[in-house]
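Before any comments, here is the structure.
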Amino acid sequence: LNFFINGGALQQDNGKFGAFPNLMGPQWLYGMMSDLDQTGGLPEPLGFASFSQYLGMRTQVDTLFKEGFYQSQISNGFSDSHFSYSGAANIGTTMGDIMRGASVAASLAFTQQPASADVGVVVGDADSPAVVVTVTDQFGSADSLDSSMVTLTNNHNADVLVSPAISGVATFTSLTFNSPGTYSLIAMDGSLPGAVSAGISVTGLTGLSGGAGTAYLITGPDGGPQILDVTAGTLTVSIDLSIAAPNYGLTIENGAQVVLNSDQHVAGLNLIGNGTIDLGTHFLNINYGSNASPNATIPGYIASAYANGLWTGTGITSSWVRANRTVDAIGFADGADGVVRGLASGQYLIRPTVGGDANLDGVTDFNDFVLLSTHFLKADNRWNHGNFNFDAFVDFNDFIFISHNFLFTTGLPQDSVNSNSSNTIAP
Ligand SMILES: [Ca+2]
Ligand SMILES: [Ca+2]
């Protein structure tokens, strides 16, 4: 009767359970039973009437072969230096040749995975269980001693994700997919045979589309404040994402671009490096609420794109404005200034309009001249105070826009959210 118990190097135990060191947690007890049916007169362990009783007191007997191999997982079966069960049994010293041996990592298995996922959304929220790869031992269970690194790749691109196996279980909590498709994941770990997941159907979120090389990440809880982080390529946004993700924040990283095919409401806009948003003909409303006004960053973003009137720079731009730059520009207003009808305090509006249209009502007229004259020759970077060339002062260079475009309109459709005013384009 030979027993091998994982938990360390193979070790002869002088035939005594009593010589085991403390073995904590689930352990595997297995061995070769040469005479389990006792026809050969094998002695029962001390304190048990029969082997069947002895085995029956195990927490689980997974496999039992008479005259062969058996294994059983024991939870907390060992305390101090004795094997005990319900505090009653001390196996004693009659078990024969008892040895202890380590389990060995034998294979990999996907033990949890989603069937589907959204592009850019981290796999592992309530909608899609995180991918779990288990390093199994020679008995088909998680190798509780394993802490190796499991590598995850896929059948579409070069993305590689690595996670340590903790007690034989590697959980991937930052897995995302960059583009639609049916994915297979491949798990690798050293020289172990690789494992392939079941198919994962990945679809893009409604209203978002991008070409090859476009990558984005959506973080934050479902229904809570989320961030759309565009990390590479050009992402076209065709619906107001705030309908599904209220007060979401938009980050556009260096080298990435967002093209709006829809008006957009966000909680904040963060451009990194040459990150660019092309408004087209659409407005961007920043609902900054009680946070600091984005006026600290927005005029700089637009000035960067303005490029002395050519609109060829990066930042906040508009391809429509670029094509109509002799008349049109990107204006902006802070609701806290009370200039734009329908734009509440805590909201910030950025939109294409005609040059000189300080109050963003779509026409350059005497009302805009009044705003400019009120702030004339003052240091003020706000479009809604009459600064139309994105520098630091309201002066004659800004008056030129009103003069040039007097009574011009944008030609853009006028919004009518605020039905109390026939002269508003605020969202
Ligand atoms: Ca106006
Ligand atoms: Ca100016």
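From the set of residues in region 324-368 that are crowded, with 24+ Cβ neighbours inside 10 Å and among the small types (Gly, Ala, Ser), which is nearest to ligand 1 (Cβ to nearest atom)?
Ala358
Kindly list the number of the only condition in (1) touching a Ser or Thr at 6+ places or on another chain (Cβ under 7 Å); (2) part of a helix (DSSP H, G or I); (3) within 14 Å of ligand 2 (Cβ to nearest atom) that fails for Ala305.
(3)
Being within 10 Å of ligand 2 (Cβ to nearest atom), polar (S, T, N, Q) and farther than 24 Å from Ile277 by Cβ narrows it down to one of Asn389, Asn397, so name that one.
Result: Asn397 is the single residue among Asn389, Asn397 that is within 10 Å of ligand 2 (Cβ to nearest atom), polar (S, T, N, Q) and farther than 24 Å from Ile277 by Cβ.
Which members of region 113-152 meet the condition of being in contact (Cβ under 8 Å) with a residue 24 or more places away in the chain, closer than 14 Å to Ile200 by Cα and among the polar types (S, T, N, Q)?
Within region 113-152, Gln113, Ser116 qualify.
Which members of region 369-392 meet the condition of being more than 14 Å from ligand 1 (Cβ to nearest atom), in a loop (DSSP other than H, G, I, E, B) and of a type in the set (A, V, I, L, M, F, W, C)?
Phe376, Leu377, Phe390, Ala392, listed by residue number.
Are any residues in region 153-179 touching a residue at least 24 places away in the same chain (Cβ under 8 Å), within 18 Å of the chain's Cα centre (by Cα) and exposed (fewer than 14 other Cβ atoms within 10 Å of the Cβ), and if so, which ones?
Thr173, Ser174
With the structure loaded, tell me whether Gly355 is more than 14 Å from Ile400 (Cα to Cα) and either in contact with a strand residue (DSSP E or B) (Cβ under 9 Å, 6 or more places away or on another chain) or away from ligand 2 (no atom under 13 Å from the Cβ) (or both) or whether it fails that test.
Considered against the rule, which asks whether it is more than 14 Å from Ile400 (Cα to Cα) and either in contact with a strand residue (DSSP E or B) (Cβ under 9 Å, 6 or more places away or on another chain) or away from ligand 2 (no atom under 13 Å from the Cβ) (or both), Gly355 comes out as no.
Just the residues that are crowded, with 16+ Cβ neighbours inside 10 Å, part of a loop (DSSP other than H, G, I, E, B) and of a type outside the set (Asp, Glu), please, taken from region 221-246.
Across region 221-246, the qualifying residues are Gln226, Ala245.
Name the pairs whose Cβ atoms lie under 7 Å apart, with the first residue in region 390-409 and over 18 Å from Asn324 (Cα atoms), the second loosely packed, with under 15 Cβ neighbours inside 10 Å and modelled with pLDDT of 95 or more, and 6 or more positions between them or separate chains?
Final answer for the pair search is Ala392/Ala379; Phe393/Ala379; Val394/Leu377; Val394/Lys378; Asp395/Leu377.
Identify, please: which residue in region 106-150 is of a type in the set (S, T, N, Q) and assigned to a loop (DSSP other than H, G, I, E, B) and is, among those, modelled with the lowest pLDDT?
That would be Gln138.
Scan region 393-412 and tell me whether some residue there is within 16 Å of ligand 1 (Cβ to nearest atom), crowded, with 24+ Cβ neighbours inside 10 Å, at pLDDT 95 or above and assigned to a loop (DSSP other than H, G, I, E, B).
Scanning region 393-412 turns up at least one residue that is within 16 Å of ligand 1 (Cβ to nearest atom), crowded, with 24+ Cβ neighbours inside 10 Å, at pLDDT 95 or above and assigned to a loop (DSSP other than H, G, I, E, B).
Could you grab me the full set of residues in region 301-316 that are surrounded by 17 or more Cβ atoms within 10 Å (Cβ to Cβ) and at negative phi?
Once the filter is applied, which keeps residues that are surrounded by 17 or more Cβ atoms within 10 Å (Cβ to Cβ) and at negative phi, region 301-316 yields Tyr301, Ile302, Ala303, Ser304, Ala305, Tyr306, Gly313, Thr314, Ile316.
Kindly indicate whether any position in region 309-326 is within 16 Å of ligand 2 (Cβ to nearest atom) and more than 24 Å from Asn287 (Cα to Cα).
yes
Among the numbered criteria (1) modelled with pLDDT of 95 or more; (2) out of contact with any Ser or Thr (no Cβ under 6 Å at 6 or more places or on another chain); (3) away from ligand 2 (no atom under 16 Å from the Cβ), which single criterion is violated by Asn384?
(3)
Let me spell it out: the conditions are (1) without any contact (Cβ under 8 Å) to a residue 24 or more places away in the chain; (2) under 18 Å from Val354 (Cβ atoms); (3) outside any helix (DSSP H, G or I), and Ala292 meets all of them except one. Which number is the exception?
All conditions pass for Ala292, except number (2).
Given the condition in contact (Cβ under 8 Å) with a residue 40 or more places away in the chain and under 33 Å from the mean Cα position of the chain (by Cα), answer yes or no: does some residue in region 303-312 qualify?
Yes; the residues of region 303-312 include at least one that is in contact (Cβ under 8 Å) with a residue 40 or more places away in the chain and under 33 Å from the mean Cα position of the chain (by Cα).
The values are calculated or read from the model by the stated rules, or taken from the named source; none is laboratory data. These numbers come from a predicted model, not from an experiment. Neighbour counts run over all protein chains shown; Cβ positions are idealised from the backbone, glycine included.
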